[in-house]
Structure formats: structure tokens, C-alpha cells
Amino acid sequence: MFFAIAVLAPLFGSTVALLLGRQLGDRASQAITIACMLLASVCGVTAFIDLIYGGAPAGVVSLGSWINAGSFHTEWALRYDALSASMVAMVTCVATLIHIYSVGYMSEDKAIWRFFAYLSLFTFAMLMLVTADNLLQLFFGWEGVGLASYLLIGFWYEKQSACAAAMKAFIVNRVGDLGFAVGIALIFAVFGTIEFTDIFAGIAAHQATAYHVLGFDYRAYEVIGVLLFIGAMGKSAQLGLHVWLPDAMEGPTPVSALIHAATMVTAGVFLMARMSPLMDYAPGALQFVTFIGASTAFFAATVACTQNDIKRVIAYSTCSQLGYMFVAAGVGAYQASIFHLLTHAFFKAMLFMGAGAVIHAMHHEQDMRKMGGLWKLIPISYAVMWIGNLAIAGVPPLSGYFSKDAILEAAWASETAVGHYGFWCCLIAAFLTAFYSWRLLIMTFHGKPRADHHTMEHVHESPWVMLAPLGVLAIGAIFAGMAFHEQLIGQDWKAYWGNAIQTAPSNHVLKLMEEVPSWVSFAPTVMGVLGIALAYLFYMFKPEIPGQLATRFGFIYRFLLNKWYFDELYGFLFVRPSLVIARALWGVDGQVIDGMPNGIASLTVSGSGRMVKLQTGSIANYAFTMLIGVVVLVAVYLLFR
């Protein structure tokens, strides 16, 4: 009961706000959606505690029949296990805090009721995704978060950049979603079902199934694994399908926090963990997952080092951290990937909301080059950003230290070439993460103020409704790693996860993590400290160095500043050719397809215009016309009789 309420309460709040928001007003819409989110978070946490600590049995909560078509039958059902319960508790709690934070951040907006309706709709879609008991329902939630993200990213639709960013996110995700949809179809073709329980029970029976394509045989599990990961690449912004994520910063900051911390981008990681019984029997697909995840972690970290928009730096940080999670999943440490997903939700939501507090204080300025000297003026926001940066840099004993280190240990313990590639990429990314995090901190809060005098005079701390959620998230960023380390990936992991995450008998990566050399365990922390030290050197003690390096290594700097030129490459390969083809087809459509019916219509109108002229209203003319008609009729009769 608690579990179902946790999932459905945000839908109720969203529906009321959407249908009655204009009539109820902004305050009432806020109150209803936040009340529903508070109810969802209380029920979500209660369901989590009952399952993990109270001995409640895992199972399926049926909501009713969905599709009955011949032999195909599927239901609306909520899967209640450790994985879904953990995700529901996290999503509802973080989303509730973001709802509360939004009361202050969006206080001056003209469509508050609509924003809160979309926010709750987004939360509901994510909850449906993580509680799905079959692939079709999961795909429903998957597409739901895609739709809601389009609405939220483009919320300020008056801005052309926001509309373009929303379209970009929607279109790029469709590419990944196509792979996911085909993967679901192949799963149904192999197993004859889309129910998780039946699929997992049939894993052993279909290991030899293969597809014969273009003269080659491919194992079905490998093909399915790659297709599922392509879907995950789109939603979780992995290298190649990542280009939508930075542009998503055009949406309001609470949207950025929700997308990057608790919903949407974590959907791909969740998918890998949910499908772990199948993925573990697709080693080739897992190597692909590891390679892409490691490359993404490195790529995004390098780009974040040169960005000047405070939200874009944190956005690329999200992209990099998601790469870590996929490295863990790729080497079989699905538990570690979810562990980092959960800890990351706290400190990443806090970082985005802290950045929002800075933007709020600076009258919507987001360029760090126009900040500086803020730490005395907004000390609470400064302290929150410190905690978030310490967590993401993996400094002990904050939460990021436990989950990030676990991923690097798992990558090394995998004892594979691609696993070691993941280790070194993530280790370098750990150094760069600490560097760009403290670059952000120093440029934003330290040094001389670089904003104009008028702006600095009006810098102020955010209201309590924005600061209180940050305080709660700070507690999670500090203690979540310590609190759940042993249960999620330590000695108690089997008791915690039960059958929620199933792996092959040959998967011993969690046990091997305990046997890695000591330097592997210490390396991430050392690299993090070195990254912090370098940031202090570059931006606190010797601020002229970054400019000198940018001048001396101009090509590398521009390469990173322009995000490895992915947007330009895709523009050349896909956008421009598509526009050329579209314009050509528009000409065919306008002149040929529409031209013929439009031409006939024009002739009809022209002929009608001429016929109208015959209607003069003169009886003499009508009589003369009738006489001519009679003469013609008699002539024809005499001619052809």
C-alpha cells in the first residue's frame, strides 16, 4: 500500500495542478503538488524501511490489467524489491526537496502552477520506470521522462535557446530509444515474454540463441545487451549521445537538479542493473559498456575544466559521473553503480541547487568570470558548495569517497584490459573532477568581485525555503556513503539486494574488490587532493597561469572549450544534410503534391468567377439565353434524329 501511494501521489498532484491550476492559482498548486510529494516521500521511505529492515517480503503490487491482445497479456504492476525500493526512496525524497526549493527559486515566474505540474509529472514518470515489472511499463516510464524533460527544458519557451534545447534533448533521446525499443522486441522474440520474472527464469535456456545477419552469427544476448545500452546511452548522456545534456541547462535550475540528480539521466544506469541477469551473460556487450562509460568519464571531465557557465560545469560533471556508473556496471559491479547513483543524487542535487542560489543572488548571472568575492555575502551557499565539492571529489569521509573508490576498485579487480582502461580513465577523471570543482568554487566565491558595483550591492542569501532543502541534502552528501557502504557493496550486500540484482555464478567482482592492492584504494583520494591543490595554484595563488596556458596551447584549449567539436561534427554530418533534404522535399511537396489539388481548386475558383458574371439580374438577358438554348436544342435534334 505504501509503495503504491509513493508512486501514484505525484501523478495526483500533477493532474490537479494541470487541470485546475489556472483556477486554483499558484499558491494552491504549489501546496497540492508539494503535499503529494511529501506523502510520496514518507510512503517511499516507509516502504524502503519495511523491506530492508522490517522483513517485509519482496513481491509485485498489481494495479490492474493493461493489455489483453490474443495471447499477449500485461498488467500495470509495481515490482517491490531492494532495487526499486531504494530508487523510490531516493527519487521521492530528492524530488520533494527540489519542489520545496522551487517555491523560492520560481517565485517571480508567470506560470508557477504549470511548472509544478510538470515537475510532479516528471517525478511520476521516473517512479513508474524504476518500479516497472515488465519492459513495456518500463518503456512507458522511459518515454514519460523524455516527454516531461522536453516540457521542463523548454519551460521558458519565449527563449529561442530553450526551445532549441528542448527539441535537441527530445530528438537525441529518440535515437537511443529506437535501440531500446528494438532490444525489447528482440527480448520478446527470444523469450516470448516481456515480464522480468519470466525473462530472468529463462536466461539459462536461451544462451545458445543466435541471429544470422549478413553472413555472420551473433549471440542474441550480445545483440540485446548492446541495444539496451544504446537506449541507456541516450537517456544517460553517454559519449556520442551526450550532446543534449549541456543544452538542457536552458531550463530552470530546479529542472537541472531533478534531471541530473534523481531522474532521467540515472534511468540508463538503473536499466543495466535491472537487466543484470541478462547483461552478465553478454560479456561483449559489457565490454562495450565499460569502454563507453570510461571514455565518457574522461571526455566530460576534460570539457568541464574549460567551461565558464556555472551550470554547464556541473552538467559535464554529471556526464562524467554517469560514466563512472557505467564502468561499474560494465565490469559486473552493478551494486557499486547503484551505490554511486544514490550518493551522487544527494551531492549533485545540492551542487545544482547551490549554483541556483548563486544565480539567484547574482540576479540570474551564470558566467563565473563575472562573479568572485561572494563567500562573505552568501556564506551558507558557500558552505553548501564546499560540502558538495568535497563529496564529488571523493574526499573522505564524505559519500563520494566510498562510492567512487568502489568503482575504481571494481574496475581494477575485473582483471580485464577494458576494465583497466576504465580504471585509468576514471582515475584521471578523479583528478580533473577535483580540479574543475575547485576552479568553480574559487572563481565563484573567492578573489576580487568581477561583477559591476550595482550587482554586488544587491547580492543576498537565498530565502529559507531554498536553503532548508540544501541543508537536508548536505546531510545525505556527508553521511550516505558511510551509512550504506557495508549494506550495498560490503559484507552485507547479499542480504540487502536479495534477488533484486542477479549475476552469473562467475561474477566475483565484489569479492575481488577486497583484494586489490592498497595503492588502488588510495589513488583516487590522492588524485583528488592533487586536483584541489592544482586548482588553488591556478586560480588562487597564480591566476595568470590559466591564461598563459590557454594562449600557449590554443588548439587544445579551443578543442576542450568547444566540447571536442561534437556539435559541429553532428551539424556537418546530420543537421545540414537534413535541412538540405527537408528544403528539397518541401519544394516537391509545395509544387507537386500540393500543387495539383491546389491547381484544380484554382481552376474551379476561376471558372466560378466567370460563371458568376452571367448572373446579371436582367430578365431580358435570361430570356435571350433561354431562346439560344432552345435553338441549340432544336438544331441538335434535327441534326442527329
Here, Trp586 and Asn308, labelled 7 Å along Cα→Cβ, have an inter-label distance in nm of 3.4 nm
According to a simple spin-label model (label point 7 Å from Cα along Cα-to-Cβ), what is the distance in nm between Ala189 and Ser107? 5.7 nm
Can you list the residues, at least 5 places off or on another chain, whose amide H is less than 5 Å from the amide H of Asn562, using H built in the peptide plane? none
Using amide H atoms built 1.01 Å from N in the peptide plane, name the residues 5+ places from Ala77, or on other chains, whose amide H lies under 5 Å from its own. Leu63, Asp133
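Ranked highest first by average number of other Cβ atoms within 10 Å, how do 322-333, 66-77, 491-502 line up?
In descending order of packing, they fall as 322-333, 491-502, 66-77.
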Just for the Cα atoms in region 52-129, what are the lengths along the principal axes, largest first, rounded to whole Å? 53, 38, 14
Along each of the three principal axes of the Cα atoms of region 1-148, give the extent in whole Å, ordering the values from largest to smallest. 50, 41, 21
Please list the non-local residues whose amide H lies under 5 Å from the amide H of Ala210, H modeled 1.01 Å from N, same-chain partners needing a gap of 5 or more. Ala220
For region 246-300, state the semi-axes of the equivalent ellipsoid (square roots of 5 times the eigenvalues of the alpha-carbon gyration tensor), sorted largest first and rounded to whole angstrom. 27, 15, 6
I need the per residue convex hull volume for region 500-598, using only the alpha carbons, in cubic angstrom as a whole number. 319 Å³
Could you calculate the contour length gain from Leu20 to Val636, that is, 0.36 nm times the residue separation minus the distance between their Cα atoms, to one decimal place in nm? 214.4 nm
Extended-chain gain in nm, criterion 0.36 nm per residue less alpha-carbon gap, Phe541 and His363: 61.2 nm
Here region 217-224 yields Karplus 3J(HN,Hα) values (6.51, -1.76, 1.60; θ = phi - 60°; whole Hz; Gly and Pro given as x) of 9, 10, 4, 4, 5, 5, 5, 4
log₁₀ I(q)/I(0) of region 404-482 at q = 0.12, 0.16, 0.20 Å⁻¹, via Debye over equal Cα point scatterers, no solvent, to two decimals? -0.64, -0.88, -1.02
Kirkwood Rh, Cα Rg: Rg to Rh for region 332-414? 1.11
Neighbourhood charge, 13 Å Cβ-Cβ cut-off, centred on Thr503 and excluding it, Lys, Arg +1 and Asp, Glu -1: +2
Plugging the Kirkwood radius over Cα pairs into Stokes-Einstein for region 392-442, at a temperature of 25 °C and a viscosity of 0.890 mPa s, what D comes out in µm²/s? 215 µm²/s
Once you have the alpha carbon radius of gyration of region 1-81, what is it after dividing by 2.2 N^0.38 Å, with N set to its residue count? 1.38
Given Lys235/Lys511; Lys159/Lys448; Lys311/Lys511; Lys159/Lys370; Lys168/Lys348; Lys370/Lys404, the pairs whose alpha carbons are separated by over 27 Å: Lys235/Lys511; Lys159/Lys448; Lys311/Lys511; Lys370/Lys404
If you consider only alpha-carbon coordinates, what radius of gyration and Dmax does region 455-531 have, in Å? 20.0, 64
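Return the FRET efficiency for the residue pair Ile600, Tyr570: r is the Cβ-Cβ distance, R0 is 56 Å, and the value is rounded to the nearest 0.05.
Using R0 = 56 Å, I get an efficiency of 0.85.
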Report the local net charge at Ala164: Lys and Arg +1, Asp and Glu -1, summed over other residues whose C-beta lies under 15 Å from its C-beta. -2
Most to least accessible of Val16, Val358 (protein chains only, probe 1.4 Å): Val16, Val358
With θ set to phi - 60°, apply the Karplus curve 6.51 cos²θ - 1.76 cosθ + 1.60 along region 11-28 and write out the HN-Hα couplings as whole Hz, x wherever there is a Gly or Pro. 5, 4, x, 5, 4, 4, 5, 5, 7, 10, x, 5, 6, 6, x, 5, 4, 5
Once you have the Kirkwood Rh of region 280-379 from its Cα pairs, apply Stokes-Einstein at 37 °C and 0.692 mPa s and quote D in µm²/s. 218 µm²/s
For the chain, place one equal point scatterer on every Cα, skip the solvent, and apply the Debye formula. What is log10 of I(q)/I(0) at q = 0.09 Å⁻¹? -0.73
For region 329-373, count all C-alpha to C-alpha pairs, find those more than 13 Å apart, and express that count as a whole percent of the total. 65 percent
Would you mind putting 399-408, 290-299 in packing order, based on average other-beta-carbon counts within 10 Å, highest first? 399-408, 290-299
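The values are calculated or read from the model by the stated rules, or taken from the named source; none is laboratory data. Small disclaimer: the values here were computed from a predicted structure and weren't measured. So basically every Cβ, Gly included, is an ideal-geometry build from the backbone, and we count neighbours across all protein chains shown. These area figures cover heavy atoms from the full protein model, side chains too; ligands, DNA and RNA do not enter into them. Shrake-Rupley method; radii C 1.70, N 1.55, O 1.52, S 1.80 Å.
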